[in-house]
Amino acid sequence: MMETPDQARRHNYEAAKAFADSVSDPVVANFVRYALAQSNLLILPRAREETSEWLSRLPVAPFDLEFLARVVWGMFSKPKIVEALLKGATLDEASGWDAL
């Protein structure tokens, strides 16, 4: 496996991977891994990409991927939210965040 570049380490990538590996529910773990994979499209370099191109895609401020993983875990570990999503609710509606 590729070593995590220093620029990606500041986004807490290794801690996020470790947290994702610790999630015991396989369905929730897949949601967490998917969220991290989507985030990696921004943070980790792509094959044959110039360093300057990659650095220009990185978020300007550090982004805590472990926090993202914990938020995703917190949302999708609640059966009520997953059931609402399966019935067609948006994530905002299912989680109650649209009421804020």
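The values are calculated or read from the model by the stated rules, or taken from the named source; none is laboratory data. Since this is a predicted model, take the numbers as computed values, not measurements. Please note: Cβ atoms are built from the backbone with ideal geometry, for glycine as well, and neighbour counts cover all protein chains shown.
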| request: Please specify each residue of region 49-77 satisfying the condition of being in a helix (DSSP H, G or I) and either touching a strand residue (DSSP E or B) at 6+ places or on another chain (Cβ under 9 Å) or of a type in the set (Phe, Trp, Tyr) (or both). | output: TRP54, PHE67, TRP73, PHE76
| Do you know which residues across region 24-51 are within 13 Å of VAL71 (Cβ to Cβ) and not aromatic (Phe, Trp, Tyr)? | VAL28, VAL32, ALA35, LEU36, SER39
| query | Which of (1) crowded, with 18+ Cβ neighbours inside 10 Å; (2) of a type in the set (Gly, Ala, Ser); (3) modelled with pLDDT under 75 is the odd one out, the single condition ALA61 does not satisfy? | reply | (1)
| message | Looking at ALA89, ALA84, ALA47, ALA69 in this structure, which one is over 20 Å from the mean Cα position of the chain (by Cα) and surrounded by 16 or more Cβ atoms within 10 Å (Cβ to Cβ)? | response | ALA84
| When you scan region 1-51, how many residues do you find that are among the basic types (Lys, Arg) and modelled with pLDDT of 75 or more? | 4
| task | Would you check if there is a residue in region 24-43 being of a type in the set (A, V, I, L, M), out of contact with any Asp or Glu (no Cβ under 6 Å at 6 or more places or on another chain), more than 18 Å from SER95 (Cβ to Cβ) and not in a helix (DSSP H, G or I)? | result | no
| field | ALA61, sole failed condition from (1) in contact (Cβ under 8 Å) with a residue 12 or more places away in the chain; (2) more than 15 Å from the chain's Cα centre (by Cα) | value | (1)
